[in-house]
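The values are calculated or read from the model by the stated rules, or taken from the named source; none is laboratory data. Keep in mind it's a predicted model, so treat the numbers as computed, not measured. Note that each Cβ is placed from the backbone with ideal geometry, even for glycine, and that neighbours are counted across all protein chains shown. When the accessible area is computed, the model is the full protein with side chains, heavy atoms only, and any ligands, DNA or RNA have been set aside. Shrake-Rupley method; radii C 1.70, N 1.55, O 1.52, S 1.80 Å.
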Amino acid sequence: MADFPYLTKTEKIVMRIFWHADKPLTQLDVMEIARQRGEMKWNPHYIFLVLDSLEKKGVLIESGHTRVGKAYARLFDPVISLSLIHISEPTRH
């Protein structure tokens with residue numbers, strides 16, 4: 001099995017949002033879901049950096065675009081499943 005990339009605490013929170021979603025999500029979707037769950041309050045630039053990092057690590061993929069107001073937002077989907085991260089994380093003794 002290939003090594004799973006290291007994810008920060010914030011990246012894991014964001015990935016959990018994607019894993020529990022039933023559709024691709026935008027940056028604003030992620031921020032709203034996190035706010036509703038009381039997990040984190042992120043500013044838009046910070047979450048942009050987190051999504052970019054997850055995309056570069058190969059755990060998220062840009063899956064399209066959607067219209068948000070007068071602009072377009074990128075849609076993201078997870079590339080790996082939640083079960084894969086549990087398998088690949090080392091156990092602590």
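From the Cα gyration tensor of region 6-62, with a ≥ b ≥ c the square roots of its eigenvalues, which class applies: rounded if a/c is under 1.5, or else prolate if a/b is larger than b/c, or else oblate?
rounded
Could you tell me the accessible area of residue 20 in Å² (1.4 Å probe, neighbours in place), rounded to the nearest ten?
Solvent-accessible area, nearest 10 Å²: 120 Å².
Could you work out the local net charge near residue 41, counting Lys and Arg as +1, Asp and Glu as -1, over the other residues with Cβ closer than 14 Å to its Cβ?
Cβ neighbours under 14 Å give a net charge of 0.
Among the listed pairs 12/41; 9/70; 12/57, which are separated by more than 21 Å between their Cα atoms?
Flagged as over cut-off: 9/70.
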